[in-house]
1. What number of residues within the stretch 141-191 are within 11 Å of the chain's Cα centre (by Cα) and either basic (Lys, Arg) or closer than 30 Å to Val54 by Cα (or both)?
2. From (1) open to solvent by 70 Å² or more (accessible area, probe 1.4 Å); (2) modelled with pLDDT under 90, pick out the condition that doesn't hold for Gly27.
3. Report yes if some residue within the stretch 109-124 is assigned to a helix (DSSP H, G or I) and either more than 20 Å from the chain's Cα centre (by Cα) or closer than 30 Å to Pro289 by Cα (or both); otherwise report no.
4. Scan the stretch 169-208 residue by residue and report those that are of a type outside the set (Val, Ile, Thr), in a helix (DSSP H, G or I) and either surrounded by 15 or more Cβ atoms within 10 Å (Cβ to Cβ) or touching a strand residue (DSSP E or B) at 6+ places or on another chain (Cβ under 9 Å) (or both).
5. Filter the stretch 212-238 for residues that are assigned to a loop (DSSP other than H, G, I, E, B) and under 17 Å from Val303 (Cβ atoms) and give the result.
6. Between residues in the stretch 117-131 that are in contact (Cβ under 8 Å) with a residue 60 or more places away in the chain and residues that are of a type in the set (Lys, Arg), which pairs lie under 9 Å by C-beta distance while being six or more apart or on different chains?
7. Report yes if some residue within the stretch 336-356 is exposed (fewer than 13 other Cβ atoms within 10 Å of the Cβ), under 30 Å from Ala159 (Cα atoms) and at pLDDT 95 or above; otherwise report no.
8. When the stretch 256-280 is examined, which residues are found to be under 21 Å from Thr154 (Cα atoms) and surrounded by fewer than 21 Cβ atoms within 10 Å (Cβ to Cβ)?
Amino acid sequence: MSANLRQWCVAALAAVVLAATVAPWLGSGAAAAQSSASFEKRVVYERTGGVANVTVQADAPATVHLGSQNDAFVLRVRVGKGTTRLRLNTYKAGEAGRYSLSEMVWAAKGNVRSRTLLSDPIDAPLDPAQYDMNVSVDGVEQDLATLWVQEPTTDGISARIAPRATKVEELASDEDVTEATMSPWNDSVARDDWLLLHVEATGVKGYLGVAGEMDASRLDPDDGIMGLRFVQTNPPMNGEGNEFTGDEVERLFTHAGTDGFHVAVDTGEHDVDPGDRYRVSFVVPKKSPLVTAEQRVSTEIRVVERRVDLRRNGPGQTIVVDGATTISGTTTLTPGTTINLTARDPGITPLFEPRTVTVGGDRTFSASFDFSGLDPGREFEFRLRDQNRVVPAVVAGATTTEPATTETTAPTTETTTVPPTTATPDPTTTVPPTTATPEPTTTDPPPTTTTAEGLTQAALNPTDRVHTQQAVSDETTEGGDGPVPGFGPVATVLALVAGALLAVRRL
């Protein structure tokens, strides 16, 4: 074998040995470099009492530390490979004496292998502060992040209303609530319709819950955490107004991804009456562990009667129809409510025409009917079944001349039947009693005689021809203090003489 050939063989053998030696080392180093983990966000913001979202991505099982010993709170969570979205309840975190570790932190996505509270238990929600977080794989730190817990806020409360038939238990998102409800008209809701309130507040879901159906008893203001209160602002005179609290409402629910919560109130319950006005207040009191000062928001709502009115076009309350007719009306009911309207008459040829109409956004409604087959003047009714009301109606075109003639001719008949010369009033007429007095021209006046002294003599009775002296007015005398004309001294003497002569003559 030549020397060159031997050298090449030695070199090839050395290369093979070197490759066999180096390959395991390179492979081991490459595998170690691929193990990594990181936080989706370097800073996670949440409010005291809220639920924080901490997302970790790892290509191997990893360990997440939430908080640190310097923060007096540290919770170690072991997660699986892949993406894990942790939910940390800042209201319950650290309160080992009241809540389990699974209530403090859990996985909304991925999985949690174990939980360990490394700090001493605390007896209140996490204070506002910046808490350290890290993630490691096989004891090697991979990434850092910060949990920034801030003071909670209470921003507002708004009211919406929904028809009575709405299935509020099926409202599962803010979009559902928006589609099924509307803003109250003039801040009012018809009694028996739904009142839905949205409280816009942060830091409440740790106490109330993240999403879904919640326990309304948590809104009892007497618990000292947070509460909802309904107070009547127009109580009866000399009486107490109605009040009830949030723990009595029909439903409390929250939605993931949005702040605050919703409550659904049945205005047909809780001793609510038409005409009542209420102030609805959400309060986080000063003694609450969530705040350092009271937070309060409120809104006003009034409850009105469930009224449905049909538009009239005839005398009084009657609706006049003629052939194809549109019946319309207004209502206080919430838009979207259905109204059952029926034209009916149990006559010889029964009339029964039901319609179901929907209240429009402007609180009006209408329904079309065809009454061309009905005789003019036929009377029937429109029945509002749900409101237990009946409105009279009539078909146009009926002859009404007979009643009109009776009304116009009756006064003429009464006037012409009164005899002009009759002194006694006719009892069937409405002639005033004064017309019964005989006219002066129809009766002869009693005879009168005037004496030489200016005395006027007249019979007391038209049939009595004996004259009796009567006084006449003295136009030159005013007042009542002077002598009465015709009764002076001379008249008195003449009267005595006349009486004596009359007596002698009779003798």
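The values are calculated or read from the model by the stated rules, or taken from the named source; none is laboratory data. Everything numeric here is computed off the predicted structure, so don't read it as measured data. Reconstructed Cβ throughout: ideal geometry from the backbone, glycine too, with neighbour counts over all protein chains shown. These accessible areas exclude ligands, DNA and RNA; they are computed on the full protein's heavy atoms, side chains included. Shrake-Rupley method; radii C 1.70, N 1.55, O 1.52, S 1.80 Å.
1. Number of matching residues: 2.
2. Gly27 satisfies every listed condition except (1).
3. No, there is no match, as no residue in the stretch 109-124 is assigned to a helix (DSSP H, G or I) and either more than 20 Å from the chain's Cα centre (by Cα) or closer than 30 Å to Pro289 by Cα (or both).
4. Across the stretch 169-208, the qualifying residues are Glu169, Asp174, Ala180, Lys205, Gly206, Tyr207, Leu208.
5. Answer for the stretch 212-238, where residues must be assigned to a loop (DSSP other than H, G, I, E, B) and under 17 Å from Val303 (Cβ atoms): Thr233, Asn234, Pro235, Pro236.
6. Filtered contacts from the stretch 117-131: Pro125/Lys92; Pro128/Arg47.
7. There is at least one residue in the stretch 336-356 that is exposed (fewer than 13 other Cβ atoms within 10 Å of the Cβ), under 30 Å from Ala159 (Cα atoms) and at pLDDT 95 or above.
8. Result: Ala256, Gly257, Thr258, Asp259, Arg279.
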